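The structure under discussion is supplied below as structure tokens; questions concerning it will follow.
The values are calculated or read from the model by the stated rules, or taken from the named source; none is laboratory data. Predicted model only: the values in this text are computed from it and were never measured. Backbone-built Cβ (ideal geometry, glycine too); neighbour counts: all protein chains shown.
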Amino acid sequence: MHLSTTKGFFLQGTAFVLCLLLSATFSSCRDDAQAPLQAESPNPLFPSPAAATAKRVAVIGAGSAGTSTAYYLRQYTNFFSIPLNITVYERASYVGGRSTTVNLFDDPSHPIELGASIFVEVNKNLIGASKKFGLKLRDADFGQPKESTYSLGVWDGKEFAFLQSRTDAYWWNVFKLLYRYGWAPMKTQNLMKETVNKFLKLYKFPYFPFQSLSDVAVSTGLAEAAWTSGAEYLKDNGIAELFAREIIQASTRVNYGQNLGLIHGLETMVCMATDGAVAVEGGNWQIFQSMLNASKATLSDNNTYTVSYQDAGGDGGNSFSVEQETFDHVVIANPFQFSNISLSPPPKRPLHSPRYVDLHVTIFASPYKLSPEYFKMPSGSSVPEAVLTTLPANVKLGARTDGVGPAQFWSISTLKKDGISGGSYYVYKVFSPKPLKANFVSDILGIDEARMFDNSSSSSSGSETSYTADQRIADISKSHISWYYEKVWQSYPYLYPRVTFEDIKLAPNLWYTNGMESFISTMETSSLSGMNVAGLILSEWVSKFETKLKKFEDGLGL
């Protein structure tokens, strides 16, 4: 979440706005074998009774938050010599949640990120785990063909409002940016740095572990950005509307499918923190699979769950059962409204269920480049390999959930050029609020409508091809679209400005991680939320936990 220099702003290419997609954290799973539970070596600093009964914790959800909860519980209990059994419940067939891959041409040697695609250098948990588990990191734009003159463009549905050249000298790019936007880029960078520094306080004592997200937002100074829309927050901090609309809003749209008039100021700043954007080679899900393996948890998958508990009143003593298994603590680590969990009895304070964005992700392979004619460029021009979008100045849809505007899509990225499956193909990823229609796909690729569908669809006598407006990418001839994959994610909440956030502790020994998503929705913040719940649980098991936490942080290098 950091832009250390203006140069970083330019040279990140797509990364400068492709911050944390969905950096939201979906719950999903791989079939990798889980390490069995086994005894841990005791820590002589904090001895425990030899006959101590192992604590039992259930974690529901194996995405970023759930696997992080399990992982940090194991780290903490190992350090403090507390026997622990963890069971992670996951109804999907894979680990990683909204971080998952799909195989190009169904070839496992060519995975493509379908969900949460990148993370950045200040994402302490994800970077640290990647290094610890020996996962190979690559730059966010790794694999791009780099055939276009432009690495990035911002399209408003009528014209490119901004083009970032790949071939111009760095100083010339800087001059053009400052000439058009004045000091707004520098002001944005400084405001983002202030936000990042406040955010990093959440990882350390005395803020960590935090009992209330609402309270810690105030105490760290992050709340003031979350209380207002991105548009108002930028205006209040002297950032020009032109830069906000053309550059910053392009970032909020590609990352969260929301305009500046809707999304809150804190998430707006998160979108501008892109320095050191990377991804794990083979898929970011490997971070969460590795965390799960290291936690030595038992994985129970493909189920729906009823969590029953006996409310003992006061602050302790609740006992839980999940699918007839009893636990000391239960952690709900996915969006409650999508979890198929029934709480019996229901919590005294009902859980808020924010509305989530329906994000349509379409990945496809085609022998065609993007059409310059569609994007109002001279014939023969090269279209940017990352096309982000914004609204024209005269289109006022900023506060609406249906605010995609004339562009009709959030982004188009040229991921790679591949020579597999007997041909040479460009691989594209499109984010959109609705499924892609066949005529839209043919238009952006410059395919003549008469040649769009299979030969059987057209007459050899020269009559016009018959097609309907609701035909989809699946109907296009395989000679034009060689392979495709479609997915609809409930990717992240609509991030309206708000003053308070969901409770972390729903009842004694019953915890919820996903209140974090309405605050900051990324893979990293979901991991932080899981780590925080693990810390809160340990604080109930270890006397003077806060004073001992420093020894743990020093020992683990946190």
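Could you tell me which of the residues 267, 224 is surrounded by fewer than 23 Cβ atoms within 10 Å (Cβ to Cβ) and among the acidic types (Asp, Glu)?
Sole residue among the options that is surrounded by fewer than 23 Cβ atoms within 10 Å (Cβ to Cβ) and among the acidic types (Asp, Glu): 224.
Considering only the stretch 390-407, state which residues are out of contact with any Gly (no Cβ under 7 Å at 6 or more places or on another chain) and of a type outside the set (A, V, I, L, M, F, W, C).
Hits for the stretch 390-407 are 390, 394, 396, 400, 401, 402, 403.
Quick grid of which residues meet (1) in contact with a strand residue (DSSP E or B) (Cβ under 7 Å, 6 or more places away or on another chain); (2) surrounded by fewer than 23 Cβ atoms within 10 Å (Cβ to Cβ); (3) modelled with pLDDT of 95 or more; (4) more than 26 Å from residue 268 (Cα to Cα):
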residue: 387; (1), (2), (3), (4): yes, no, yes, no
residue: 390; (1), (2), (3), (4): yes, no, yes, no
residue: 401; (1), (2), (3), (4): no, yes, yes, no
residue: 406; (1), (2), (3), (4): no, yes, yes, no
residue: 411; (1), (2), (3), (4): yes, no, yes, no
residue: 414; (1), (2), (3), (4): yes, no, yes, no
residue: 418; (1), (2), (3), (4): yes, yes, no, yes
residue: 423; (1), (2), (3), (4): no, yes, no, yes
residue: 433; (1), (2), (3), (4): yes, yes, yes, no
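Mind telling me which of the residues 416, 437 ends up being in contact with a Gly (Cβ under 6 Å, 6 or more places away or on another chain) and over 21 Å from residue 252 (Cβ atoms)?
416
I've got another one for you. How about the stretch 426-449: which of its residues are among the hydrophobic types (A, V, I, L, M, F, W, C) and in contact (Cβ under 8 Å) with a residue 60 or more places away in the chain?
427, 430, 431, 436, 441, 444, 445, 447 - these are the residues of the stretch 426-449 that are among the hydrophobic types (A, V, I, L, M, F, W, C) and in contact (Cβ under 8 Å) with a residue 60 or more places away in the chain.
So which residues in the stretch 69-117 are within 30 Å of residue 430 (Cβ to Cβ) and in a helix (DSSP H, G or I), if there are any at all?
104, 105, 106 - these are the residues of the stretch 69-117 that are within 30 Å of residue 430 (Cβ to Cβ) and in a helix (DSSP H, G or I).
Residues checked against (1) touching a residue at least 24 places away in the same chain (Cβ under 8 Å); (2) out of contact with any Pro (no Cβ under 7 Å at 6 or more places or on another chain); (3) surrounded by fewer than 24 Cβ atoms within 10 Å (Cβ to Cβ); (4) not acidic (Asp, Glu):
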{"residue": "491", "(1), (2), (3), (4)": "yes, yes, no, yes"}
{"residue": "497", "(1), (2), (3), (4)": "yes, yes, yes, yes"}
{"residue": "502", "(1), (2), (3), (4)": "yes, yes, yes, no"}
{"residue": "520", "(1), (2), (3), (4)": "yes, yes, no, yes"}
{"residue": "526", "(1), (2), (3), (4)": "yes, yes, no, yes"}
{"residue": "535", "(1), (2), (3), (4)": "yes, no, yes, yes"}
{"residue": "544", "(1), (2), (3), (4)": "no, yes, yes, yes"}
{"residue": "553", "(1), (2), (3), (4)": "yes, yes, yes, no"}
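Listed residues 229, 251, 214, 219; which is of a type in the set (Ser, Thr, Tyr) and touching a His at 6+ places or on another chain (Cβ under 7 Å)?
229
Table: residues versus (1) farther than 15 Å from residue 273 by Cβ; (2) among the β-branched types (Val, Ile, Thr); (3) touching a residue at least 24 places away in the same chain (Cβ under 8 Å); (4) out of contact with any Lys or Arg (no Cβ under 9 Å at 6 or more places or on another chain).
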residue	(1), (2), (3), (4)
116	yes, no, yes, no
121	no, no, yes, yes
126	no, no, yes, yes
141	yes, no, yes, yes
157	yes, no, yes, yes
170	yes, no, yes, no
178	yes, no, no, yes
185	no, no, yes, yes
193	no, no, yes, yes
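Give me the residue from the stretch 92-104 that is surrounded by fewer than 20 Cβ atoms within 10 Å (Cβ to Cβ) and modelled with pLDDT under 95 and, out of that set, farthest from the chain's Cα centre (by Cα).
If we take residues in the stretch 92-104 being surrounded by fewer than 20 Cβ atoms within 10 Å (Cβ to Cβ) and modelled with pLDDT under 95, then 93 is farthest from the chain's Cα centre (by Cα).
Also: Look through the stretch 198-223, keep the residues that are of a type outside the set (A, V, I, L, M) and free of Cβ contacts under 8 Å to residues at least 24 places away in the same chain, and return whichever of them is nearest to residue 404 (Cα to Cα).
The selected residue is 221.
Would you confirm, using the coordinates I've provided, whether residue 125 is more than 26 Å from residue 138 (Cβ to Cβ), among the polar types (S, T, N, Q) and modelled with pLDDT of 95 or more?
No.
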